[in-house]
Amino acid sequence: MLIDIRTTFFPLFLVNRGLTHTEIGSMLSVAALAALIVRPLAGYLMNRLGYHRIMMISIFSGAGCLLLLLLNTGYWLLAVNVFVWGVCTSVNQPVALMMVSQTVKPSERGLGMSIRTMSNRVVQLTNPLLFGVMTTVIGLAGGFGVMGILLLGFGVLYHRQSKARS
């Protein structure tokens, strides 16, 4: 969800804030820079922090990034926000793939990866449509805020569910 919103609606948000095309491109490049820095460290982070902590940090950081978009921050603070957003989205994909490979029987890994990839496609189909409808009604900044609050709620539920299993 965070990636879909950043790639589809965040540039529109930046246009509404009056940023130039060069500034918008720079903002999107900041997220890619975060990915270049974090992705090689994903295995280390997984071993050091564990899947649950990485997910919790990622979910709450992503929610915070969305909620910060409600504030009318300057360019550089916005760039820092986008960098953090890029970090939390960049670590999720490799960690999710590692989790699937570690939790699924070796003979079923192909199926596990296929199901994970297919679920991504379903989300990529529904997220822009649902977020687009919502932001038509409440505006882009309001949509980011609502999604941030929903993500916070999901993070709390996920954390409670994980604690209950332990």
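The values are calculated or read from the model by the stated rules, or taken from the named source; none is laboratory data. Keep in mind it's a predicted model, so treat the numbers as computed, not measured. Cβ atoms come from the backbone with ideal geometry, glycine included; neighbour counts cover every protein chain shown. Areas reflect the complete protein model, heavy atoms only, side chains present, ligands, DNA and RNA absent. Shrake-Rupley method; radii C 1.70, N 1.55, O 1.52, S 1.80 Å.
Residues in segment 123-138: is at least one touching a residue at least 24 places away in the same chain (Cβ under 8 Å) and open to solvent by 100 Å² or more (accessible area, probe 1.4 Å)? So that I can check it myself, show each step before the final result.
Of the residues in segment 123-138, the ones touching a residue at least 24 places away in the same chain (Cβ under 8 Å) are 123-124, 127-128, 131-132, 135.
So of that shortlist, the ones also open to solvent by 100 Å² or more (accessible area, probe 1.4 Å) come out as none.
No, segment 123-138 contains no residue that is touching a residue at least 24 places away in the same chain (Cβ under 8 Å) and open to solvent by 100 Å² or more (accessible area, probe 1.4 Å).
Do we find a residue being out of contact with any helix residue (DSSP H, G or I) (no Cβ under 6 Å at 6 or more places or on another chain), modelled with pLDDT of 90 or more, of a type in the set (D, E, K, R) and on the phi < 0 side of the Ramachandran plot anywhere in segment 15-23?
Initially, segment 15-23 is screened for residues out of contact with any helix residue (DSSP H, G or I) (no Cβ under 6 Å at 6 or more places or on another chain), giving 15-23.
Subset that is modelled with pLDDT of 90 or more: 15-23.
Narrowing the set further to residues that are of a type in the set (D, E, K, R) leaves 17, 23.
Right, trim to on the phi < 0 side of the Ramachandran plot and you get 17, 23.
Taking every residue of segment 15-23 in turn, at least one turns out to be out of contact with any helix residue (DSSP H, G or I) (no Cβ under 6 Å at 6 or more places or on another chain), modelled with pLDDT of 90 or more, of a type in the set (D, E, K, R) and on the phi < 0 side of the Ramachandran plot.
Looking at segment 64-93 only, could you name the residues that are of a type in the set (Gly, Ala, Ser) and either in contact with a Phe, Trp or Tyr (Cβ under 8 Å, 6 or more places away or on another chain) or at pLDDT 95 or above (or both)? Step through it out loud before you land on a result.
Step one: list which residues in segment 64-93 are of a type in the set (Gly, Ala, Ser), which gives 64, 74, 79, 86, 90.
Those that are of a type in the set (Gly, Ala, Ser) and either in contact with a Phe, Trp or Tyr (Cβ under 8 Å, 6 or more places away or on another chain) or at pLDDT 95 or above (or both): 64, 79.
Is it the case that residue 51 is touching a residue at least 12 places away in the same chain (Cβ under 8 Å) and more than 19 Å from residue 1 (Cβ to Cβ)? So that I can check it myself, show each step before the final result.
Details: touching a residue at least 12 places away in the same chain (Cβ under 8 Å): yes; more than 19 Å from residue 1 (Cβ to Cβ): no.
When the stated conditions are applied, residue 51 does not pass them.
Residue 124 - would you say it is modelled with pLDDT of 80 or more, polar (S, T, N, Q) and either within 20 Å of residue 155 (Cα to Cα) or out of contact with any strand residue (DSSP E or B) (no Cβ under 9 Å at 6 or more places or on another chain) (or both)?
yes
If residue 165 satisfies every condition in (1) under 19 Å from residue 6 (Cβ atoms); (2) of a type outside the set (A, V, I, L, M, F, W, C); (3) open to solvent by 50 Å² or more (accessible area, probe 1.4 Å) but one, which is the exception?
All conditions pass for residue 165, except number (1).
Name the helices (runs of 4 or more DSSP H) wholly inside segment 1-99 in which the number of residues that are open to solvent by less than 10 Å² (accessible area, probe 1.4 Å) is 3 or more. Show your work before the answer.
Numbers: elements: 2-8, 10-16, 21-38, 42-68.
So the answer is 21-38, 42-68.
With the structure loaded, tell me whether residue 119 is within 16 Å of the chain's Cα centre (by Cα) and in a helix (DSSP H, G or I) or whether it fails that test.
On the way: within 16 Å of the chain's Cα centre (by Cα): yes; in a helix (DSSP H, G or I): yes.
So residue 119 passes the test.
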